[in-house]
Structure formats: structure tokens, C-alpha cells
Amino acid sequence: MIKYVSLHWKQLLLSTVRDSLSWLLMLITGTGALIAFMPEEAADWLRTLVNTGWTQVWPLIVVILIILAVALLRNWPTTKAVYVDKKTDLKVIIECCDLLRQEGLKVIHTVDTFDMELNTIISPRSLHGAFLKQCQAQGVDIDALIDQATERVKPVRTNKSLPGRKEQYSLGTICPVEIKGEPYCCVAFTRLQPNGTIEISKDEYIKCLTRMWRGLADPRVRHEVVNVAVMGNRFVDLPAEFSTEQKIDLMIQTFFASAREKACCHTLRICVHPNNVTDIDFEQYPVIIEHLAKRPVI
């Protein structure tokens, strides 16, 4: 929230000042109209009160501060939406937050080789990059943990022309790891190319999500709370018209579709990056989620 406000403080300030001036003008106009239609004694009393407010600074300051406070609260951004399904009691939360600071299982989307080479393959500006920098700061050998976790998973191919790791796994394959007592789960989300670029199509996106939810429902991995970023929102070659809301919609649809077989968690938190907050109508999303929960994935 603080990061969002810092990025959009000009818009917040302009909206607050605009509303404050509008309400102050309405107050002055309304007071004048009220005096014109009040009985003379009451009007004289109100005139005296208003004149006192103008001649003594503190009453005017109090009024202006109250108006500013109300305007600020009115314009303060809503960056969280919560929906609880009445039939299943499953909860979906969409909010602007730092995924790495949340309680519960934290899902990190990676390339399909589960590479952990920061700066060469993984951008330090991505969620994956932030996760790797956190591991480095804590002195964690994440490569060793990945090697141990992938021993139980069979790769779909070996491509010696790839940079870094050569074994590629099916999109949606999960790789659970525990770091300093905190549960994480790396997910093969994009296909790494020999030139270092990453790819995923819309159809692959849906299949990846479905496979991921099913994997997270495994009793050995399952947690009550699962935190996941808006997958495919940065540094991924998806169609330009595939908006942030469409990605969130597909995440929610595939989550509820998979939950009909077996739910991977009780609470799903979708973490939105501050740069994408203005793309989402948080106030309307509880209604949207209710609709999406019943809708088949197309």
C-alpha cells in the first residue's frame, strides 16, 4: 500500500484537494442559502458564528482539516478484494502486497529448467530474482535444494543448447522447498529458449495453472494459505491484449475448477504489483470472483 501511494501520490493529492475545495464551496454556498431562509434571530446567531470563524483562525483551520481528512479517506485507494465462496468456504484475496512477506506457502514462478542463475538468466527485477536475492542474503544454497526436490520429478527433455540447467520440465511442475522454516514452491511457468528468452502461450498458461493447482493439492505440499503473484505479468512474452485482469480471471477460474476435484488450499492470496494496481477494479472484484467461480475455463 505504501509503495502504491508513493507511486501515485500526485493523483491522490489532486483528488483530495479537488474534493476539499468543492466541499468547502458547497459549505459556504449552503450556509449563505440557509441564512437567507432562516428566521431573523436564528440567522443573526449563525452570522455571528460564521463571522467568529472567519475572524478567529483556529475554527477555520479545524473545519478545513476535517474537510481534508474526509476527502483523503474518500480518495484513499482500495487495493484489496476478499471473496468467500458460500458453498466451499474457500477464500480468495486479491491485494497489493509483497508476496515474499506473506504467511503461508509462497509460490515462485520460474523457467522450466528451475534455473537459479541471477542476472544471467533470471532478472533481478522479477519476483524470481527477488527470491534469489533473499536466498543469497540468508546464505541458502537454493541450487542444492532444487536438485533435491527435482530428484522425484522426471524431466520431459534434455536440451544441451540451453544456458544453465539442461533438463526441462512440464509447465506447471512444482518444486517445493523449505527455507529457514518458511515454505516455498517453485513452479515451472515459462519455457526457456537457447538464446535466454522465455515463452508461454495463452493455452499453455491455462494448462500450467491447472497442473500447478493439482500439484499444490498433494497432501505432502498442501498448505492452508497459498500466495501467488499475478503470473505472467512481467518479462513474459504473452499477447499484449492479455490484460492483468484477464490473467487474474484465469487464475481464479482454474483454481475453482481444480478445487471441484481437490482444493489446494483454504485461502488463495493473489499478490498484485504496485505498478498494476490501477489496472484492477478492486471494489468490483468480489462480484467478479463469484461469477468466475461458477464459470468453466475456456
With label points built 7 Å along Cα→Cβ from the Cα atoms of Gln148 and Gln134, find their separation and express it in nm. 1.9
How much net charge surrounds Ala149 when only other residues with a Cβ under 12 Å from its Cβ are counted (Lys, Arg +1; Asp, Glu -1)? -2
Relative contact order [Cα under 8 Å, 6+ residues apart], region 152-223, whole percent: 27
Given labels modelled 7 Å from the Cα in the Cβ direction, how far is it in nm from Thr88 to Asp203? 2.6
Highest to lowest packing among 214-226, 149-161, scored as the average C-beta count within 10 Å: 214-226, 149-161
Using the Cα atoms of region 127-182, I'd like the radius of gyration and the largest Cα-Cα distance, Dmax, both in angstrom. 12.6, 36
Highest to lowest packing among 96-108, 194-206, scored as the average C-beta count within 10 Å: 96-108, 194-206
How do the peptides 87-93, 262-268 rank, highest first, by the average count of neighbouring beta carbon atoms within 10 Å per residue? 262-268, 87-93
What net charge do the residues around Ala217 carry, taking every other residue with its C-beta under 12 Å from that of Ala217, with Lys and Arg at +1 and Asp and Glu at -1? +4
Counting only other residues whose beta carbon sits under 15 Å from that of Cys264, what net charge do I get with K and R as +1, D and E as -1? +4
Using the structure shown, select from Lys180/Lys202; Lys106/Lys154; Lys86/Lys154; Lys91/Lys154; Lys202/Lys294; Lys133/Lys262 the pairs with a Cα to Cα distance greater than 31 angstrom. Lys180/Lys202; Lys86/Lys154; Lys91/Lys154; Lys133/Lys262
Treating cross-link reach as a plain straight distance, find the aspartates and glutamates whose alpha-carbon is under 17 Å from the alpha-carbon of Lys247, omitting any fewer than eight places away in the same chain. Glu95, Glu199, Asp203, Glu204, Asp237, Asp279, Asp281, Glu290
What share of Cα pairs, in percent, lie more than 20 angstrom apart in region 159-298? 51
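Laboratory data are not the source of any read-out in this text; all were calculated from the coordinates shown. Bear in mind the structure is a predicted one, so any value in this text is a computation, not a measurement. Counting neighbours? That spans all protein chains shown, and the Cβs are built from the backbone with ideal geometry, glycine included.
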